[in-house]
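All remarks here apply to the structure that follows.
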Amino acid sequence: MGVSQMERLGFGSNRFPKMVVSFLIAFFLLYMLSMAYRSSTFDLIGEFAKAHVTGEMAGNVSRASESEDKHSSHPERVVVDKLLGGLLAPGFDEESCISRYQSSLCRRVSPHKPSSYLASKLRKYEELHKRCGPHTESYNRTLKELSSSHINGTTDCNYVVWTPANGLGNRIISMASSFLYAVLTNRVLLVDHGTDMANIFCEPFPNTSWLLPMDFPLSNQFYGLQSGNVHSYGQLLKNNNMNISTVSQPPPFLYLYLSYNYDEYEKLFYQDQNQGFLQNVPWLILKSDQYFAPYLFLIPSFQQELDKLFPDKETVFHHLVRYLFHPSNQAWGLITRFYQSYLASAEQRIGLQVRVFNRKASPIKVVLEQILGCVQKEKLLPQVDEEKHIAPPSKNKTSRAITIASLYPEYYESIKNVYWMRPTVNGDVIGVYQPSHEEAQQFGNNIHNIKAWAEINILSLSDVLVTSSWSTFGYVAQGLGGLKPWILYVPTGGQTNDQPCPRAMSMEPCFHFPPNYYQNAGTRRRLDTVSPVPHIRQCEDASTGIKLVND
C-alpha cells in the first residue's frame, strides 16, 4: 500500500494520533457510564433485598407476637437469649456447666426481663463474693472473729451461712430467700450443701465458690441448730427482755432459726428495728425451710431497694432461681435425655405435679378424679370419645406431651390408660410420661436429690403447669419456667373439691409460716386481716401464708 493511499484512509502522520486519542476517550466514557449504570442497578437490588429481609424479620416478630397473644399451644422458642436479659454474667467456662447457657434452648421464652438495676446489683455482688469468698484474705481474717469473745472491727466482709432443712424444694426456696437477704444487707452467701446435695448445682458466681469450706469451725453444730439455741438471735432477745439496746457488744456470730416451727422470739428477726443490730454481726448462720422473701418487702428499711430491684413484684423468685440454680452436667444429662426422647417434638407440653402428703386421707381414686376434673374443666387436656375407637382424620390435631411428676406410679398408669384406650374428641395425640417414681421421699440421699432436681427442671419446660397445693417442689418448677400454674387441691377424707384447680394469682411461691403480725410505725396488725401493702396477698393454697403479686 502506498503512502498516498494510507493518507486517504486516515493513517497519515497527523491524523492517526488524533483518532487513537478520540477512540480511547470514547471507550473510557462508555466504560464509566456502564459502571455507573451497574452501580445504580446493584444499589436498587441491594435496597430491595434489604427491604425484603427487614420485612421478613418484622413479619416473624409480628407472627411471634400474634402467637403469644393467642396463647398458642406451641409458644415461640426460636429467639435464644443465653444471658437471660442480663441476668447472667458472661465468661463462664461453658463445658463446666452446659445448662447455664443451654437451658434457654429448651424452655419457653420468658416475657419477664430483669430490671437493669437488678442486673447491675448482681454484677456488684459477684465482685463482692470474689473478694470475700472462701479462702480469700478477707475471709480468713473474718474467720478469726469466730474464736474471739468480741468483734475487733478489722473485718471488711460479712456473711450469711445457709444450712439445709427438709427436702430439696424447701432448700431451694430458702436459699433464694437467703441470697436476697444477703444482697440487701451487703453480705456474702455461703451454703452448706453437705453430701446429699453434692454435684446437683453449678457454681452460680464467676471465679469463686459459694460452698462453705469443709473446715468451717461451726459446721459440727449445724445439725443440732433448733429454735431456742443458746447462740440464736431469738434467745439473745429473750435473755435481754427483747431490748436489744442493752446488748453492749454484738457477738461474732448468731444463729437465725427461721424454719416453720420457729418461736415468737425468732420471728422478731423480721422487725425493722432489729436489723441494725444484726448488721454489726459478722457471721449469721441461717437455717430455714421457707420462702421468706415476701416478708422482706414488709421491712421498711428494705422497701426502697426492693422496689428498684423488682418493679414487677411477681418475678422475684423467677429471677432469683434462674440466676442461682443451674443443673450440674450430671443432672442436665438426665434432663436433656428425657426432653429429647419425649418432649422435643410435641406441639404442647403439659406438666402435672402430684404431691400427696397423706395417702390414707387421699385415696388414689379420689385424687385421680380431682386431677381429671381439673385438666378437663380448665380445658388443659381434651376429653376422650367414649363412643369411638378411632379418631376421625383432622388437619388441626395437636400433639401433646404430659409429664407427670409424682412419687407414685398409679396416677401415671391411670392417665396413660385414659388416653391409650380411647381417642380424644378432637383427634389430638396425647403422650403420657413419668421420669421416675421413688415411692417415698428420701432424705440424705444424693441420687434421689439429683433425680428430684431433674424432674423439677423437666416440669419447668412445660407450656402449661398444674402443681399441688403446699408443694415447694411445684413452686420451684413454676419459678424456673416463669409459669402461673393451676393449683391442684389434693382432696382429703374421700371427697373431691368443687373447684379442683384454681389458677394461681402469681407465679411466686407462698411463704407458709410468716409472723402472725405486721408492725410498722408503732401499729401492730394481724396479717390475715389486712394487706399492709398492695403487692402482698394471702396465698391460695395456704390460709396462713402470704405471697407476692403485682399491684
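The values are calculated or read from the model by the stated rules, or taken from the named source; none is laboratory data. Predicted model, so just to flag it, every value in this text is computed and none were measured. A quick note on method: Cβ atoms are made from the backbone with ideal geometry, for glycine too, and the neighbour counts reach across all protein chains shown. To get the accessible areas, we keep the full protein, side chains included, count just its heavy atoms, and leave off ligands, DNA and RNA. Shrake-Rupley method; radii C 1.70, N 1.55, O 1.52, S 1.80 Å.
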(message) Can you sort Val549, Val247, Val230 by solvent-accessible area, 1.4 Å probe, largest first?
(response) Val230, Val247, Val549
(request) State which entries of Lys484/Lys547; Lys82/Lys397; Lys377/Lys397; Lys82/Lys379; Lys365/Lys416 exceed 24 angstrom in Cα-Cα distance in the structure shown. (result) Lys82/Lys397; Lys82/Lys379
(message) Taking R0 as 56 Å, what FRET efficiency do you get between Thr246 and Ser394 from their Cβ-Cβ distance, rounded to the nearest 0.05?
(response) 0.15
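Could you look at the stretch 222-284 and say what percent of its accessible area is carbon and sulfur, using a 1.4 Å probe and all protein chains? Don't skip to the answer; put the middle values down first.
Details: 1360 of 2830 Å².
The nonpolar share, carbon plus sulfur, comes to 48 percent.
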(request) Once you have a ≥ b ≥ c as the square roots of the Cα gyration tensor eigenvalues for the stretch 81-124, tell me rounded if a/c is under 1.5, and otherwise prolate or oblate according to whether a/b is larger than b/c. (result) oblate
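Accessible area per residue of the stretch 443-533 at 1.4 Å probe, in Å²?
On a per-residue basis, 37 Å².
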(message) Suppose R0 equals 45 Å. What FRET efficiency, 1/(1 + (r/R0)^6) with r the Cβ-Cβ distance, do Ala542 and Asn280 give to the nearest 0.05?
(response) 0.85
(request) Obtain the nm distance between the two label points defined at Val230 and Ala198 by a simple spin-label model: each point lies 7 Å from its Cα along the Cα-to-C-beta direction. (result) 3.3 nm
(request) Calculate, in nm to one decimal, what Asn329 and Ser138 gain on full extension: separation in residues at 0.36 nm each, minus their alpha carbon distance. (result) 65.6 nm
(request) Please give the solvent-accessible surface of Asp551 in Å², to the nearest 10, using a probe radius of 1.4 Å with every protein chain present. (result) 130 Å²
(request) Only residues of the stretch 96-129 count here: report those whose backbone N is under 11 Å from the spot 7 Å along Cα→Cβ of Leu83, or say none. (result) 120
(request) Give the span of the stretch 450-551's Cα atoms along each principal axis, as three whole-Å numbers ordered largest to smallest. (result) 48, 33, 26
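Filter the chymotrypsin sites (Phe, Trp or Tyr not before Pro) in the stretch 333-418 to those in DSSP coil with at most 15 other Cβ atoms within 10 Å of their Cβ, and list the result.
Details: sites: Phe338, Tyr339, Tyr342, Phe357, Tyr411, Tyr412; in loops: Phe357.
Counting only loop positions with at most 15 other Cβ atoms within 10 Å, the chymotrypsin sites (Phe, Trp or Tyr not before Pro) in the stretch 333-418 are Phe357.
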(request) Sort Leu128, Leu306 by accessible area with a 1.4 Å probe, largest first. (result) Leu128, Leu306
(request) Please pull out the direction-averaged projected area of the stretch 256-295, using the convex hull of its alpha-carbon atoms, in nm² to one decimal place. (result) 3.0 nm²
(request) Note down the nm distance, to one decimal, between modelled labels 7 Å out along Cα→Cβ at Asn446 and at Asn550. (result) 4.3 nm
(request) Write out the chymotrypsin sites (Phe, Trp or Tyr not before Pro) in the stretch 194-260 meeting two conditions: DSSP loop, and at most 13 other Cβ atoms within 10 Å of their Cβ. (result) Tyr223, Tyr260
(request) For the stretch 247-320, report the accessible area per residue in Å² (1.4 Å probe, heavy atoms, rounded to an integer). (result) 29 Å²
(message) Could you work out the relative contact order of the stretch 353-435? I mean the mean sequence separation of Cα pairs under 8 Å and 6+ apart, divided by the number of residues, in percent.
(response) 39 percent
(message) Can you give the FRET efficiency to the nearest 0.05 for Ala361 and Leu211, using r as the Cβ-Cβ distance and R₀ = 41 Å?
(response) 0.55
(request) For Arg355, tell me the accessible area in Å² from a 1.4 Å probe, rounded to the nearest 10. (result) 60 Å²
(message) Once you place label points 7 Å from the Cα toward the Cβ at Ser436 and Arg526, how far apart are they in nm?
(response) 4.3 nm
(message) Can you give me the solvent accessible area of Glu126 with a 1.4 Å probe, rounded to the nearest 10 Å²?
(response) 20 Å²
(request) Please identify every one of the GluC sites (Glu not before Pro) in the stretch 382-425 that sits in a loop by DSSP and has no more than 15 other beta carbons within 10 Å of its own beta carbon. (result) Glu386, Glu387
(message) Taking all protein chains in place and a 1.4 Å probe, what share, in percent, of the accessible surface of the stretch 77-209 do carbon and sulfur account for?
(response) 51 percent
(request) Provide Met505, Met175, Met214 ordered by accessible surface of protein heavy atoms (probe 1.4 Å), highest first. (result) Met214, Met505, Met175
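For the stretch 74-220, report the accessible area per residue in Å² (1.4 Å probe, heavy atoms, rounded to an integer).
Values: 6250 Å² over 147 residues.
Here the per-residue accessible area is 43 Å².
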